[in-house]
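Here, each number is a calculation from the coordinates, and none is a lab measurement. Keep in mind it's a predicted model, so treat the numbers as computed, not measured. Positions of Cβ are backbone-derived with ideal geometry, glycine not excepted, and every protein chain shown enters the neighbour counts.
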Amino acid sequence: MDEHDWLAKQFEAERTHLRAVAYRMLGSLTEAEDAVQESWLHLSRSDTSGVENLGGWLTTVVARICLDMLRSRNSRREEPLEASVPEPITSREGGINPEQEALLTDSVGLALLVVLDTLNPAERLAFVLHDIFAMPFDEIAPIVERSPTAARQLASRARRRVRGGAMTKDADLTYQREVVDAFLAASHGGNFDALLAVLDPDVVFRYDPTAVPAGA
């Protein structure tokens, strides 16, 4: 096995993790895929002979790519997107696959992604990498171009905002679970009535029936 094939094999082993990191950062599966692909291009052009932890190295690379994408996204906005709903995790060809379903139903959830979108890029990166993926602040600091102490403060500030904006009451968590379950049911069997039944009228939900094939 030559070096290129070896790197490709190692990258594929990390792909799911990298996609998860990118999706938490960007709230868009399409952009997350772009970020992961860009990280592969970066890897294929880099000398990694001195890299001891390739997974950690790739996580840092994809985080920096996401940070650049977030900054670029913010620079194109006249106003912050404070009430957007993350891109639904669906495929026109095959509906939701098991990996995508895991992304949707994990501990982050749709509600938290909405809250994350109100954070600035550095806060979002520090919070996601530390609180969700347990990356040390010493490693986060150079990515956000701050000191470890400043990176810790970014995560702390983001954490306060997330706790203030995310649904925390038992009833709300139950409701969130119902929404996720109903969304999956709609994706697998086209049961959109059940989805609409559990959605609060005030909830903004981007619904595209062509993106969720019935019986997928």
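Between F133 and T48, take the C-beta separation as r, use R0 = 25 Å, and let me know the FRET efficiency to the nearest 0.05.
On the way: r = 21 Å, r/R0 = 0.82.
Taking R0 as 25 Å, the efficiency between F133 and T48 is 0.75.
How would segment 122-166 be classified by its alpha-carbon gyration tensor: rounded, prolate or oblate, with rounded meaning a/c under 1.5 and the a/b versus b/c comparison settling the rest?
Values: a/c = 2.39, a/b = 1.68, b/c = 1.42.
The shape class here is prolate.
How do I143, I132 line up, fewest other C-beta atoms within 10 Å first?
Values: I143 20, I132 17.
Sorted ascending by nearby Cβ count, the order is I132, I143.
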Self-check item: Dipole magnitude of segment 122-166, debye to nearest 20 (Cβ charges: Lys/Arg +1, Asp/Glu -1, about Cα centre)
Solution: 340 debye
Practice problem: Read phi for every residue in segment 66-75 and hand back ³J(HN,Hα) as whole Hz from Karplus 6.51 cos²θ - 1.76 cosθ + 1.60, θ = phi - 60°, with x for Gly and Pro. | Solution: 5, 4, 4, 5, 5, 5, 5, 4, 5, 5
Quiz item: Once you put a point 7 Å from the Cα of R160 and another 7 Å from the Cα of S72, both along the Cβ direction, what distance in nm separates them?
Solution: 3.3 nm
Quiz prompt | segment 126-138 - phi-based ³J(HN,Hα) in whole Hz, Karplus 6.51/-1.76/1.60, Gly and Pro as x | solution = 4, 5, 4, 5, 7, 6, 9, 10, 6, 7, x, 5, 4
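How much length is gained on full extension from T16 to S147, taking 0.36 nm per residue of separation minus their Cα-Cα distance? Mind showing how you got there, number by number?
Working: separation 131, 0.36 × 131 = 47.16 nm, distance 2.92 nm.
My answer for the length gained is 44.2 nm.
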Self-check item: Amide hydrogen neighbours beyond the local backbone of M135, cut-off 5 Å, H modeled
Solution: H130
Practice problem: Please turn the phi angles of segment 34-39 into ³J(HN,Hα) values with the Karplus equation 6.51 cos²θ - 1.76 cosθ + 1.60 (θ = phi - 60°), one per residue in order, whole Hz, x for glycine and proline. | Solution: 4, 5, 5, 5, 5, 5
